[in-house]
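Participant: Sharing a structure with you now.
We did not get these values from a lab; they are worked out from the coordinates using the rules stated. A quick note: this is a predicted structure, and the numbers were derived from the prediction, not measured. Positions of Cβ are backbone-derived with ideal geometry, glycine not excepted, and every protein chain shown enters the neighbour counts.
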Amino acid sequence: MGWIVVISGGPGGEDYITGAARARARECEVLIGSEGQLNAVGPLKSQVVYKETDIERILQIIKDNKGREVGVIVTGDAGIYSLSRRIIDRFGKHAVREIVPGVSSIQVAFARIREPWLNVRVFSYHGRPLEGLDEVFGNDRVAILCDREHNSKVILGELAGLGLFEKFSSVHVCCNLTLNDERVIEVKEARDIVRLVSARREIIVLIK
């Protein structure tokens, strides 16, 4: 039986981590997460807790604690561009005892603009090269996950040069969803891109 429990921590706000995820996290002997995730869960004094966000260090902690039940809190839902894939690639699916689902930032983004997210195509440039942007235009609904380098201003600037506003009727940038400084910005023209100020967490939502 596996020893790793992957726990979906939601998009960031404490209200968006599920009761099931919080309860399961408290059952693990060892718990790994960011400061915000750990604060949301409220670990027990009996647990061994690691405040860590570096992927390689997290994987090493998991390896070092084989034989104990290790809970790893991941951002959003574990099934969408999360650390769960890296964990399975490194240790194998047999090593994962359970994956606890949760709320993804993509779900929240579409909820904020009051649109369904059925058939959405997701692109992630979080820690990835800015390649394949032309593929965006072959989809009716798109969510793009950004990072500090490839932020909304950079990506939308590239897309604008490829005909963004001629091909999509709705363009939004969702920043720091579920956090106190959450912002949802509608981008209507190229001048709006210039005025964008990047945030820690950004999702671009495009709808034709």
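Participant: Apply the a/c threshold of 1.5 to the C-alpha gyration tensor of region 32-81 and tell me whether it is rounded, prolate or oblate.
Facilitator: oblate
Participant: Then there is this: Within the set of other residues whose C-beta is less than 15 Å from the C-beta of Leu31, count the net charge using Lys and Arg as +1 and Asp and Glu as -1.
Facilitator: Neighbourhood net charge equals +1.
Participant: Assign unit charges at the C-beta atoms only (+1 for Lys and Arg, -1 for Asp and Glu), then state the dipole size of region 106-207 relative to its Cα centre in Debye, rounded to the nearest 20.
Facilitator: About 280 debye.
Participant: Provide the per-residue ³J(HN,Hα) series for region 34-39, in order, calculated from phi with Karplus coefficients 6.51, -1.76, 1.60 and θ = phi - 60°, each as a whole number of Hz, with x at glycine and proline positions.
Facilitator: Working through the residues one at a time gives 6, 4, x, 5, 5, 5 Hz.
Participant: Let me have the relative contact order for region 4-103, percent, based on Cα pairs under 8 Å that are six or more residues apart.
Facilitator: 45 percent
Participant: Take Glu189 and Ile55, extend 7 Å from each Cα along the Cα→Cβ direction, and tell me the distance between the two endpoints in nm.
Facilitator: Each label point is offset 7 Å from its Cα along the Cβ direction, giving 4.0 nm.
Participant: Amide H neighbours of Ser170 under 5 Å, at least 5 residues apart or on other chains, H built in the peptide plane: list them.
Facilitator: Residues meeting the criterion, in which the H sits 1.01 Å from N, are Ile207.
Participant: While we're looking at this one, here's another question. Among DSSP beta bridges lying fully in region 106-207, give the percent that are antiparallel, nearest 5.
Facilitator: Given both bridge residues lie in region 106-207, the antiparallel proportion sits at roughly 80 percent.
Participant: Also: Roughly what % of Cα-Cα distances in region 4-103 sit above 22 Å, to the whole percent?
Facilitator: Tail of the P(r) past 22 Å holds 16 percent of the pairs.
Participant: Calculate how steeply helix 152-161 sits against the longest principal axis of the alpha-carbon atoms of the chain, using the helix alpha-carbon long axis, and give the answer as 0 to 90 degrees to the nearest 10.
Facilitator: 40 degrees
Participant: Calculate one ³J(HN,Hα) per residue across region 100-105 by plugging θ = phi - 60° into the Karplus curve 6.51 cos²θ - 1.76 cosθ + 1.60, and present them in order as whole Hz with x for glycine and proline.
Facilitator: For region 100-105, the Karplus-derived couplings read 9, x, x, 8, 8, 5 Hz, x marking Gly and Pro.
Participant: Of all DSSP beta bridges located in region 1-113, what percent are antiparallel, nearest 5?
Facilitator: DSSP beta bridges in region 1-113 are roughly 5 percent antiparallel.
Participant: Calculate the length of the line joining the C-alpha centroid of region 1-34 to that of region 106-166, in whole Å.
Facilitator: Cα centres, region 1-34 to region 106-166: 28 Å.
Participant: Moving on to the next point. Please turn the phi angles of region 106-115 into ³J(HN,Hα) values with the Karplus equation 6.51 cos²θ - 1.76 cosθ + 1.60 (θ = phi - 60°), one per residue in order, whole Hz, x for glycine and proline.
Facilitator: 5, 4, 5, 4, 5, 5, 5, 9, 6, 10
Participant: Just Ala25, Ala95, Ala109 to compare: in a GNM of the chain, with alpha carbon springs under 10 Å, which one fluctuates most?
Facilitator: Ala95
Participant: While we're on this one: Could you state the angle between the C-alpha long axis of helix 55-64 and the longest principal axis of the C-alpha atoms of the chain, as a value from 0 to 90 degrees rounded to the nearest 10?
Facilitator: It works out to around 20 degrees.
Participant: Ranked highest first by average number of other Cβ atoms within 10 Å, how do 151-162, 128-139 line up?
Facilitator: 151-162, 128-139
Participant: Excluding residues on the same chain fewer than 8 positions from Lys51, give the aspartates and glutamates whose Cα lies under 15 Å from its Cα.
Facilitator: Glu29, Glu35
Participant: Let me ask something else. How many percent of DSSP beta bridges within the chain run antiparallel, rounded to 5?
Facilitator: Restricted to the chain, the bridges split so that about 45 percent are antiparallel.
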